[in-house]
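Enquirer: Before I ask anything, here is the structure I am working with.
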Amino acid sequence: MVQVALRRALPALAAGLLAALALLAVIVGAVILATVALAALPASGGGTGGPGAFLAIVVGVAAIVIAFVVIVRLAFPAAVIAGEGGGAIRALRRSWQLTADNTWRVFGVLALVALVLTIIGSTVLELLAAVITDGLAAGMGLADVSDALLSALVSTVLAPVGGVVLAVLYLDLRVRRDGWQPSMDEGAAGA
């Protein structure tokens, strides 16, 4: 079991790096296009604004939408490698394929989970800080240390939720896209 995980770790890391590079390419491309638009279509009279600025804003908004699509479509290579094996490129292609008809649904789920985790994490952190930092640690001069430790604790407790959500979404996408029907003995056969 550990050997399988170790064999799949390097392709998962490579897939994550390639996905980050794809997102970086979107950002760099948008910056270049916006800069060209500003330089090629300056405002009349040397002022601000003009058609170049408008085009740069359009490019920026389009880049944000494209970036969200790329993030969602390439969110599952680690799950693909864990569940199906294969290399980094295959996992990225499979992630792109699985999310094809479900991009905005997956985005909605991920955004909602991120929002809920942020609210829960902030609330729990503030409650703990009010009791521990303000009540105990401040009197001993350890307020900053206490805040850092509490923040790390809350982050550590909530961190697995994102991985679980991605795993459940991956399995849901396999069922929706491929008609996959998991069986109880598949886990033993896949290892």
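The values are calculated or read from the model by the stated rules, or taken from the named source; none is laboratory data. Just so you know, these numbers come straight off a predicted model, no measurement behind them. Remember, those area values only see protein heavy atoms, side chains included, never the ligands or the DNA or RNA. Shrake-Rupley method; radii C 1.70, N 1.55, O 1.52, S 1.80 Å.
Enquirer: Where does each of S122, S44 land when they are ordered by accessible area, with a 1.4 Å probe and the largest first?
Expert: S44, S122
Enquirer: I've got another one for you. In Å, what Kirkwood hydrodynamic radius results for segment 49-191 from the alpha-carbon pair distances?
Expert: 18.5 Å
Enquirer: Could you identify which residue out of A63, A111, A43 has the top mean-square fluctuation in a GNM of the chain using Cα springs shorter than 10 Å?
Expert: A43
Enquirer: Can you tell me how much longer the chain between S122 and D101 gets when fully stretched, taken as 0.36 nm per residue apart minus their C-alpha distance, in nm with one decimal?
Expert: 4.2 nm
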